[in-house]
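Here's the structure, in structure tokens; my notes come after.
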Amino acid sequence: MATFKDFRNNVKPNWCPGCGDFSVQAAIQRAAANVGLEPHQLAVISGIGCSGRISGYIYSYGFHGIHGRALPIAQGVKMANQDLTVIAAGGDGDGFAIGTAHTIHSMRRNIDITYIVMDNQIYGLTKGQTSPRSDVGFKTKSTPQGSIESPLSVMELALTAGATFVAQSFSTDLKDLTSLIEQAIQHKGFSFINVFSPCVTYNKVNTYDWFKENLTKLKDIEGYDPSDKKLAMQTLMEYNGLVTGLIYQNKEQKPYEELVPGFGEVPLAKAELKLSKEKFDELVAEFM
Amino acid sequence: MVNQLSWKVGGQQGEGIESTGEVFAITLNRLGYYLYGYRHFSSRIKGGHTNNKIRVSTKKVRTISDDLDILVAFDQETIDFNFHELRDGGVILADAKFGPKIPEGSNVSLYSVPFTEIASELGTSLMKNMVAIGATSAILNLDPSLFQEVVQDTYGRKGEQVVLNNMEAIRKGAQYLKEELGFDRSDLYLEKADGQKRMFMIGNDAIALGAIAAGARFMAAYPITPASEIMEYLIKKLPDLGGAVIQTEDEIAAATMAIGANYAGARAFTSSAGPGLSLMMESIGLSGMTETPLVIVDTQRGGPSTGLPTKQEQSDLMAMIYGTHGEIPKIVIAPSTVEEAFYDTVEAFNLAEEYQCPVIVLSDLQLSLGKQTVEPLSYESIQIRRGKLLNEELVPEAGNQGYFKRYEITEDGISPRVIPGMKNGIHHVTGVEHDETGKPSEAAANRKAQMEKRLRKLEQIEFNNKVHKNDKHEEPDILFIGYISTRGAIEEAMERLEEDGVKVNHAHIRLIHPFPKEEIRPLIEKAKQVIVVEHNATGQLANLIKMNVGFADKIQSLLKYDGNPFLPNEIYTQSKEFTKQGVLF
């Protein structure tokens, strides 16, 4: 049985000291071990930006793709081999700017992968520009007078896009985050976890202290029920999206792979490629 | 008696013009004739002139003909738009309903046939198409009962009565022409065909069948003209084979999803046309940099931007060879016939895995949508070659938290490959420059070594028949060079030039990139002049040839970019014109 240490490698992350992403890395490693995975059974597919480097910092199969496209790559991996556990990971620029279309369509498609966004409300690697998650009035290099665009309400977006597992966490809550990732991996279908992962260098507003002050844990809200989508939407609006925990889960909806006719007994990666002569002749005859 | 003729049916889009052509063509194909059909259509669902031109011959034909023998018209626009194509002595069969007129003084015979009226009497005006087929059969001296089988296949699911009515419509059409109009011209009787059963398919069918034969079991694509038939075929066939097609949100998702599936060990691909390929450029670079196999089919149409979505063009060439930022190894192959479209698609999947790079199958609208009789496809020739993909048992022990050298520097530049899930194969993949284990690295020496390794892979590329050659003359006056669907028109123009005493050789390039310098150079060397025939405005193929082998002073471009395919006569006449102008010889 692998332990979280087996998911560590000897690469030193190039994240700034204090970056929230360290905890996300640790949480993925712990969750993977806790659900009983071996490193070779896990594929981490990441985007571009500081957070995108995460696929190189976990000892497992890793694919560091192009900006905004971690999700389609990850879905392709899962379609080719459903025996693999696939985690897509990236930042708020990846998921909510350049790759927003993929985020929405992955949610409604519901292929069984887990998507973790390290949301720091800023573009860090390009040295401090506004993000679609930045608050109105947020001053950055690209918004010197303060951002005038509304931030995207991603949790509400996930609910309306048809996501079947919607959760949010804060990177310092390592225990809660690990547990959510475990649940997400075990969920049959697309799982989305947005993690507030503060940028200590460029975001001086949404700091660790700011989140501690402003976040509410769903488990502290009396009567909260993650199977109730209406309640989930209401709560998100009430708390301006600043809640953590499992927001919504639909356990009834089958994942995409199970709904494709004829798909799936043998993973495509292990399937026989050559057509039989009979099948070939049958296909040819249809054109005569 | 004729051994070949051209028939065209025209009317408004959405009026059943396509199915009329289908019933006519499939029947003749089953009788053993060789056919070549080309549709004129617009980017709209209903309305607008559309036509289906079908050439029928007792011998193999590879393109549309210059002129037209028989035109079936359901409206005046069809006559006005197509009249110029009719040869002297040609025939128009027009629906009496619209009061057809033709220009005075022409040597074309117009026959008004009450297509709609006869059909309505039989129950529904929808069958006017069948009446027209019947009238056509009378001209060609074909018995109406020959259409029974195809009518049954086409309308059987609507019930026996519908089949009976449609057959009656065909008979009535034939009868009207013979008995009411007294039509009988033995010069238009069609010679008997050999009765051989052959396939009748569009290039996109062959590409789709090729992909399935190659073991492609996953496809991600976004609908676009003229590529959609490929994904539609796989959507129909993959459930039986355990695979899946995902219609993605855009072409970026399509290409990257295919990359993900290939990385994970499936054979996966996407297909699109110019606008989609433009969106895929960054993904193509990712495939090249991460050495992940990827097959993309580009069915070229009129560009730039939305351009001419339903028209013929070959203007993506340079973009397909050089498109994507930075420098990667890439293979571009360009089949010139439906048969080659099948074999080259199978080969594309082999090359993608052997050389671990993107492979583009370059088609064009005429090849992709032109429907033609196809010689038998060989099952025995289908090979599955996966290159340096290792069996799990052969992957050496990785050791404690060790990484597999996925990007190992090797002599031929190709590294052993593993797929996720293999116990000892753990490695990292990134579009960032990386070392042998896939770890990001900016070190100058590593950069140079990895760059050279990737580019070295294609130095010794093996590809069967890189250039289709007809080099029978030692010192030809003209060497024609073309690619993809211009092959038929060039071959027919050659025949006519040869009859005039001009010595002509022909090279049709099948492996576009890496460019087959060694094959092309000697062909150009011995030719007095080279005419490069292509469907674009800037002579992209001609420039590519000059860039690779020189001979700029010998090369003359023959270009067409009005959206319509080259006709043999245009190539013949233009080549003669070049001669007169002293451009040649």
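The values are calculated or read from the model by the stated rules, or taken from the named source; none is laboratory data. Since the model is a prediction, treat every value here as computed from it, not as a measurement. In this analysis, Cβ positions are derived from the backbone assuming ideal geometry, glycine residues included, and neighbour counts consider all displayed protein chains. Side chains are part of the model used for accessible areas, which takes the heavy atoms of the whole protein and leaves out ligands, DNA and RNA. Shrake-Rupley method; radii C 1.70, N 1.55, O 1.52, S 1.80 Å.
Tabulated data for the structure shown
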{"quantity": "Accessible heavy-atom area order of B:28, B:390, highest first, probe of 1.4 Å", "calculated": "B:390, B:28"}
{"quantity": "Among A:88, B:155, B:504 - extreme Cα towards positive end, dipole of the protein assembly as shown, charges at beta-carbon", "calculated": "A:88"}
{"quantity": "Folded to 0 to 90 degrees: helix A:100-109 orientation relative to chain A principal axis, Cα", "calculated": "50 degrees"}
{"quantity": "Additional length obtainable on full extension of the chain from residue A:148 to residue A:274, 0.36 nm per residue less Cα span", "calculated": "39.6 nm"}
{"quantity": "Cα lying deepest toward the dipole's positive end in region B:4-197, options B:110, B:127, B:100, charges on Cβ", "calculated": "B:127"}
{"quantity": "Low-density loop cleavage sites - GluC sites (Glu not before Pro) in region A:208-288, where at most 14 other Cβ are within 10 Å (DSSP)", "calculated": "A:222, A:252, A:265, A:272, A:286"}
{"quantity": "Size descriptor, Kirkwood hydrodynamic radius, that averages inverse alpha-carbon separations across region B:467-580, Å", "calculated": "13.9 Å"}
{"quantity": "Global geometry of region A:2-284, whether rounded, prolate or oblate, following the gyration tensor of its Cα atoms and the 1.5 cut on a/c", "calculated": "prolate"}
{"quantity": "In region B:342-403, GluC sites (Glu not before Pro) in a DSSP loop with at most 16 other beta-carbon atoms within 10 Å", "calculated": "B:380, B:397"}
{"quantity": "Calculated diffusion of region B:113-173, Stokes-Einstein form, Kirkwood radius summed over Cα pairs, 20 °C and 1.002 mPa s, µm²/s", "calculated": "193 µm²/s"}
{"quantity": "Antiparallel bridge percentage (DSSP; both residues within the protein assembly as shown; nearest 5)", "calculated": "30 percent"}
{"quantity": "Set of lysines near residue B:172 by C-alpha distance (under 30 Å), chain-local residues within fewer than 8 positions excluded", "calculated": "B:8, B:46, B:53, B:97, B:101, B:128, B:158, B:192, B:197, B:371"}
{"quantity": "Kirkwood-Stokes translational diffusion coefficient of the protein assembly as shown, alpha-carbon pairs, 4 °C, 1.567 mPa s, µm²/s", "calculated": "43 µm²/s"}
{"quantity": "A:119, A:135, reordered so the largest accessible area comes first (probe 1.4 Å)", "calculated": "A:135, A:119"}
{"quantity": "Solvent-accessible area buried by pairing B with A, both sides, nearest 100 square angstrom, 1.4 angstrom probe", "calculated": "5300 Å²"}
{"quantity": "Where region B:302-387 is the region considered: accessible area per residue in Å², 1.4 Å probe", "calculated": "27 Å²"}
{"quantity": "Backbone HN-Hα couplings from phi across region A:75-87 [Karplus 6.51/-1.76/1.60, Hz, Gly and Pro as x]", "calculated": "5, x, 4, 5, 5, 7, 8, 6, 6, 7, 8, 10, 10"}
{"quantity": "Tensor-based shape of chain B (alpha-carbon gyration tensor, a/c under 1.5 rounded, otherwise prolate or oblate)", "calculated": "prolate"}
{"quantity": "Estimated inter-spin distance, residue B:451 and residue A:135, nm [label 7 Å along Cα→Cβ]", "calculated": "4.6 nm"}
{"quantity": "Point-charge dipole on Cβ atoms (K/R +1, D/E -1) for the protein assembly as shown, about Cα centre, debye to 20", "calculated": "1700 debye"}
{"quantity": "Carbon + sulfur, % of accessible area of region A:1-141 - ligands and nucleic acids excluded, 1.4 Å", "calculated": "53 percent"}
{"quantity": "1.4 Å probe accessible area per residue over region B:4-197, in Å²", "calculated": "42 Å²"}
{"quantity": "From phi via Karplus (6.51, -1.76, 1.60), per-residue ³J(HN,Hα) for region B:159-165 in Hz, x at Gly/Pro", "calculated": "x, 5, 5, 5, 5, 4, 4"}
{"quantity": "Shape call, region B:4-197: gyration tensor on alpha carbons, a/c limit 1.5", "calculated": "rounded"}
{"quantity": "Estimated FRET transfer efficiency (residue B:80, residue B:120; beta-carbon r; R0 35 Å; 0.05)", "calculated": "0.85"}
{"quantity": "Peptide-level mean, for A:5-15, of C-beta atoms on other protein chains within 10 Å", "calculated": "2"}
{"quantity": "Helix axis angle, A:21-34 relative to chain A longest principal axis, alpha carbon, degrees", "calculated": "40 degrees"}
{"quantity": "Amide H within-cut-off set for residue B:40, under 5 Å, with H built and near neighbours excluded", "calculated": "B:51, B:52, B:53"}
{"quantity": "Cleavage-rule hits (trypsin sites (Lys or Arg not before Pro)) in region A:73-166: DSSP loop, at most 14 neighbouring Cβ within 10 angstrom", "calculated": "A:127, A:141"}
{"quantity": "Qualifying aspartates and glutamates (Cα of each under 20 Å from Cα of residue A:219; at least 8 residues distant if same chain)", "calculated": "A:156, A:173, A:176, A:182, A:228, A:238"}
{"quantity": "Surface per residue (accessible, 1.4 Å probe) for region B:467-580, Å²", "calculated": "38 Å²"}
{"quantity": "Once exposed loop trypsin sites (Lys or Arg not before Pro) are cut out (DSSP; at most 10 other Cβ, 10 Å), longest piece of chain B", "calculated": "B:60-585"}
{"quantity": "For region B:388-460, size of Cβ-based charge dipole, Lys and Arg +1, Asp and Glu -1, in debye", "calculated": "180 debye"}
{"quantity": "Backbone N under 16 Å from the residue B:185 label point (7 Å along Cα→Cβ), restricted to region B:72-91", "calculated": "B:72-73, B:83-91"}
{"quantity": "Unit charges at the beta carbon, dipole of the protein assembly as shown: most positive-side option, B:441, B:548, A:183", "calculated": "B:441"}
{"quantity": "Nonlocal amide H pairs with residue A:112, under 5 Å, H built at 1.01 Å", "calculated": "A:189, A:256, A:257"}
{"quantity": "Residues of type lysines that residue B:503 reaches as a straight line, Cα spacing below 22 Å, ignoring anything fewer than 8 places off in the same chain", "calculated": "B:469, B:472, B:526, B:528, B:554, B:576, B:580"}
{"quantity": "In degrees, nearest ten, helix B:568-580 long axis to first principal axis of chain B (Cα)", "calculated": "80 degrees"}
{"quantity": "³J(HN,Hα), Karplus 6.51/-1.76/1.60, whole Hz, each residue of region B:124-138, x for Gly, Pro", "calculated": "8, 5, 4, 7, 4, 4, 5, 4, 5, 5, x, 4, 4, 4, 5"}
{"quantity": "Computed lengthening from residue B:175 to residue B:474, 0.36 nm per intervening residue step minus Cα-Cα distance", "calculated": "102.0 nm"}
{"quantity": "For region B:289-445, size of Cβ-based charge dipole, Lys and Arg +1, Asp and Glu -1, in debye", "calculated": "420 debye"}
{"quantity": "Over region A:103-212, equivalent-ellipsoid semi-axes from the Cα gyration tensor in Å", "calculated": "27, 17, 10"}
{"quantity": "Cβ-based net charge around residue B:111, under 14 Å, with every Lys or Arg adding one and every Asp or Glu removing one", "calculated": "-1"}
{"quantity": "Percent antiparallel among DSSP beta bridges (both partners in chain B, rounded to 5)", "calculated": "40 percent"}
